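Q: Pasting a structure here, questions to come.
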Amino acid sequence: MKKYMVLCVAILLLVACSNNTELGSNPPKVTVEVGGENYETELGSYCWQDGATGSGECADKVGPEELLNGKQPIVVQPEAELAIQIDLKRQPDEVALEQVKKDQPTPVSNFKDLRFTAPKEKGTYFYILQADWANQKEKNTSDGDAWYAFHVRVE
């Protein structure tokens, strides 16, 4: 019984004192799924805390149109359903999706549960997915935040 109690206390101390390692050392990969096909997004600006080492890194990148220059858009039908997939067990605490026109972001009104519907009108649309992982121990502190860019061509 005494050995069991010592083991439990040791485990609790390790858990309480450990850094947040569940996020990994870099922002996760994010894809967009349409009709069973997955398409990669481009990682934009981010700040990320590596829980294993305690170090952090921030990177500032260009806007979505410049970041996606030369990349092929995701081709969809009008009003196709798109799903965002974040390759990390711990999902972000806050997520927002914005459509960007001439560097002016507008929230996507039909974005819910990491899903949204493509526009009805034909054209190319640029998007930014913003994700934030809040620190579980310190209020108003982030373990990581990142935005991801992708574009969709409605045909």
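Q: Within segment 57-75, can one find any residue that is closer than 14 Å to Asp145 by Cα, assigned to a strand (DSSP E or B) and open to solvent by 70 Å² or more (accessible area, probe 1.4 Å)?
A: Scanning segment 57-75, I find at least one residue that is closer than 14 Å to Asp145 by Cα, assigned to a strand (DSSP E or B) and open to solvent by 70 Å² or more (accessible area, probe 1.4 Å), so the answer is yes.
Q: Just a yes or no: is a residue in segment 131-154 modelled with pLDDT under 95 and either β-branched (Val, Ile, Thr) or under 15 Å from Val32 (Cβ atoms) (or both)?
A: Yes, that holds for at least one residue.
Q: Pull up segment 99-155, narrow it to residues that are β-branched (Val, Ile, Thr) and not in a strand (DSSP E or B), then point me to the one that is nearest to Asn26 (Cα to Cα).
A: By that ranking, first place goes to Thr141.
Q: Scan segment 84-104 residue by residue and report those that are within 11 Å of Phe126 (Cα to Cα) and open to solvent by less than 70 Å² (accessible area, probe 1.4 Å).
A: Leu97, Glu98, Gln99, Val100
Q: From (1) under 18 Å from Ala146 (Cα atoms); (2) exposed (fewer than 14 other Cβ atoms within 10 Å of the Cβ); (3) of a type in the set (Gly, Ala, Ser), pick out the condition that doesn't hold for Gly36.
A: Every condition holds for Gly36 apart from (1).
The values are calculated or read from the model by the stated rules, or taken from the named source; none is laboratory data. The structure presented is a predicted model; accordingly, all values stated were derived computationally and were not measured. Every residue, glycine among them, receives a Cβ derived from its backbone with ideal geometry; neighbour counts consider all protein chains shown. To get the accessible areas, we keep the full protein, side chains included, count just its heavy atoms, and leave off ligands, DNA and RNA. Shrake-Rupley method; radii C 1.70, N 1.55, O 1.52, S 1.80 Å.
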